[in-house]
Amino acid sequence: MGDRVKRTTKQRMLDSAVLLLRERGAAGVTVDAVLAHSGAPRGSVYHHFPGGRNEMVLGAVRQAGDYIAAMVSESAAEGDVRQMVERLVAFWKRALTRTDYRAGCPVAAMAMDSRDIVPDAGEVVREIFARWQASLSEALRDNGFDPARAQRLATLVVSVIEGAIILCRAHRDLGPLDDVLVEVAPLLQRRD
């Protein structure tokens, strides 16, 4: 029971840190904000995150990165790259509307404002984006694309989805994600 409570408290804190990162960026993820949002007791911070705030923030961005990576891998296993992009777009559309356009991608948020705030953030963010691109590239190669084009298309997909999320938040409209599907999906048709 004790281990379950510890994991639950730690997970609540990580989930809160992810949401705060999505809405406020790295600067908005403070220990006090995570505690207030998660309802966790103050003593649990250094119990679960001996490295303090930085460890918590890096754990949150890794969790978010893992979640998207799993979604990409699951879709890739089904063999339809277009469907993979459709799932990512649908996920972000739900996330944006559920949060009234307040919450974007936590990995992008970390990439944009973390250099001076969280040591090692740059390395973690590069690793996450590289993993997403590698999964997409592999799926494209499995769908008949040559390796060089697969890599370029993987970069394109990650870039346009991340950019569209930012535009959706700015305009409070899902149109940019719809545009991504219309224009990018035909580029991803299976090559047999």
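The values are calculated or read from the model by the stated rules, or taken from the named source; none is laboratory data. Values in this document were obtained by computation on a predicted structure and should not be read as measured data. When we count neighbours, we look across all protein chains shown, and the Cβ atoms used for this are built from the backbone with ideal geometry, even at glycine.
Considering only residues that are free of Cβ contacts under 8 Å to residues at least 60 places away in the same chain and either assigned to a loop (DSSP other than H, G, I, E, B) or within 14 Å of LEU19 (Cβ to Cβ) (or both), which ones fall in the range 101-114?
Across the range 101-114, the qualifying residue is only VAL107.
Does ASP173 satisfy being surrounded by fewer than 22 Cβ atoms within 10 Å (Cβ to Cβ), in a helix (DSSP H, G or I), modelled with pLDDT of 95 or more and out of contact with any strand residue (DSSP E or B) (no Cβ under 6 Å at 6 or more places or on another chain)?
no
Could you pull out the residue among ILE128, ILE68, ILE117 that is assigned to a loop (DSSP other than H, G, I, E, B), surrounded by 13 or more Cβ atoms within 10 Å (Cβ to Cβ) and of a type in the set (Val, Ile, Thr)?
None of the others qualify; the one that does is ILE117.
Considering each of SER159, SER137 in turn, give the residue that is free of Cβ contacts under 8 Å to residues at least 12 places away in the same chain and either out of contact with any Lys or Arg (no Cβ under 6 Å at 6 or more places or on another chain) or not small (Gly, Ala, Ser) (or both).
Sole residue among the options that is free of Cβ contacts under 8 Å to residues at least 12 places away in the same chain and either out of contact with any Lys or Arg (no Cβ under 6 Å at 6 or more places or on another chain) or not small (Gly, Ala, Ser) (or both): SER159.
So which of ALA103, ALA164, ALA150 is over 28 Å from MET56 (Cα atoms), crowded, with 20+ Cβ neighbours inside 10 Å and not charged (D, E, K, R)?
It is ALA150.
For the range 25-65, what are the residues that are surrounded by 14 or more Cβ atoms within 10 Å (Cβ to Cβ), assigned to a loop (DSSP other than H, G, I, E, B) and in contact (Cβ under 8 Å) with a residue 24 or more places away in the chain?
Scanning the range 25-65 gives GLY25, VAL29, ALA40, PHE49.
Could you check the range 90-100 and list, in sequence order, the residues that are surrounded by fewer than 20 Cβ atoms within 10 Å (Cβ to Cβ), hydrophobic (A, V, I, L, M, F, W, C) and over 30 Å from GLY52 (Cβ atoms)?
ALA90, PHE91
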